[in-house]
Amino acid sequence: MVVGAFPIAKLLYLGVRQMSKPVANRIKAGARRSEFFKNYVCLPPAQIYHWVEMRAKMRIMGFRGSTIKPLNEEAAAELGAELLGEAIIFLIGGGCMVLEYSRQATNSRRKEEELNETINSLQRQVGELALTTETLDAQLREVNRLLLSFPQK
């Protein structure tokens, strides 16, 4: 006896999310090795992140006019690679959520269409039964009229 369908889609999503961490680590390692990737993909977001973070910390501590020194290239590359890895994991998780939502919406839409079809079928049957009832009522009145037209003894 099968209680429900095997949730293969959920299992697949879980597998993709579990695999996203090693994939992100490999991409981070590649980003650390490649000069182009390091200079144009990792360093700018890392420097911006560092600037925003330090600016917020300085304002919280009350230092308004302080200038913020940029990170050295090694630390910026490391931070950029970490940010890239986290972004990849976030995007994969978000993609899984969007796919799951889409799948659930499709299932919900299908169930609603089936329910509407059932309701329409039942309404059609009720209409047919009402017509049949009216026909039988008319026939019964005709039989009663004929019975009353016979002479009584």
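Things worth noting here:
Residues are listed down the side, and each one gets a yes or a no for (1) closer than 25 Å to residue 20 by Cβ; (2) among the hydroxyl-bearing types (Ser, Thr, Tyr); (3) touching a residue at least 60 places away in the same chain (Cβ under 8 Å):
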position	(1), (2), (3)
54	no, no, no
60	no, no, no
82	yes, no, no
88	yes, no, yes
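- Scanning the range 70-89 for residues that are open to solvent by 40 Å² or more (accessible area, probe 1.4 Å), in contact with a helix residue (DSSP H, G or I) (Cβ under 6 Å, 6 or more places away or on another chain) and over 14 Å from residue 44 (Cβ atoms) yields a single hit, 89.
- The numbered conditions (1) of a type in the set (Ser, Thr, Tyr); (2) in a helix (DSSP H, G or I); (3) loosely packed, with under 12 Cβ neighbours inside 10 Å are all true for residue 67 except (2).
- Close contacts from the range 107-123, counting a first residue that is closer than 25 Å to residue 10 by Cα and modelled with pLDDT under 95 and a second that is open to solvent by 100 Å² or more (accessible area, probe 1.4 Å) and not hydrophobic (A, V, I, L, M, F, W, C), with Cβ to Cβ under 8 Å and a gap of 6+ residues or different chains, come to none at all.
- Being over 40 Å from the mean Cα position of the chain (by Cα) and more than 24 Å from residue 18 (Cβ to Cβ) is not true of residue 105.
- Residue count, the range 70-90 (criterion: of a type in the set (A, V, I, L, M), over 33 Å from the mean Cα position of the chain (by Cα), assigned to a helix (DSSP H, G or I) and over 14 Å from residue 30 (Cα atoms)): 2
- Condition met for residue 57 (modelled with pLDDT of 85 or more, part of a loop (DSSP other than H, G, I, E, B) and open to solvent by 50 Å² or more (accessible area, probe 1.4 Å)): no
The values are calculated or read from the model by the stated rules, or taken from the named source; none is laboratory data. From a predicted model like this one, the values you see are computed outputs, not experimental measurements. Backbone-built Cβ (ideal geometry, glycine too); neighbour counts: all protein chains shown. Just the protein is used for accessible areas: all its heavy atoms, side chains included, with ligands, DNA and RNA removed. Shrake-Rupley method; radii C 1.70, N 1.55, O 1.52, S 1.80 Å.
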